[in-house]
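Trainee: First, the structure itself, so that you have it in front of you.
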Amino acid sequence: MNIIATAIAMNLIELFVRRLTMKKHGHAPLLKDMIGILSKSKDNVHRILSQILPSLLLPNDGLNLRNLIWHGYVLIIDRRWLASLIVFVLSMDSMSHSSPSFLEDGFVP
């Protein structure tokens, strides 16, 4: 169960990055490119996120947890990863002053 919840949390983070870069579903560049867009932002929150996100999401800079889960390389995941991602998702939402739920694109876990 933790693996599914962690995958959903990773999807929420990716959705949030797409929202921050104002990319529409189906028309988004690679995740690394969207994080690069955040790094060039004048918004301090975006720049901070662009420093943290690669360690979770990108292969050359960190863990690439997203791909490890989606491609089945990780079958069991510690609850601490899920808890960390949930805190991260909630913090991203809070920092951006977005609506109470950023699931308006139709993504429902």
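Trainee: Using a 1.4 angstrom probe with every protein chain in place, what is the largest-first accessible-area order of His46, His27?
Mentor: On the way: His46 30, His27 145 Å².
Result, largest first: His27, His46.
Trainee: Report Ile48's accessible area, 1.4 Å probe, all protein chains in place, as a number in Å² to the nearest 10.
Mentor: Around 90 Å² of this residue is reachable by solvent.
Trainee: Which value, in Å² rounded to 10, gives the accessible area of Asp33 with a 1.4 Å probe and all protein chains present?
Mentor: 70
Trainee: In what sequence, largest accessible area first, do Trp70, Trp81 appear using a 1.4 Å probe?
Mentor: On the way: Trp70 140, Trp81 100 Å².
Greatest to least solvent exposure: Trp70, Trp81.
Trainee: How high is the relative contact order of region 5-47, given as a whole-number percent (alpha carbon pairs under 8 Å, six or more residues apart)?
Mentor: It rounds to 28 percent for region 5-47.
Trainee: Measuring from label point to label point, each 7 Å out along Cα→Cβ, what is the Ile4 to Ile37 span in nm?
Mentor: Label-label distance for Ile4 and Ile37, simple model: 3.2 nm.
The values are calculated or read from the model by the stated rules, or taken from the named source; none is laboratory data. Here the structure is a predicted model, which means the values were calculated and not measured. So basically every Cβ, Gly included, is an ideal-geometry build from the backbone, and we count neighbours across all protein chains shown. Keep in mind that these areas ignore ligands, DNA and RNA; they rest on the heavy atoms of the full protein, side chains included. Shrake-Rupley method; radii C 1.70, N 1.55, O 1.52, S 1.80 Å.
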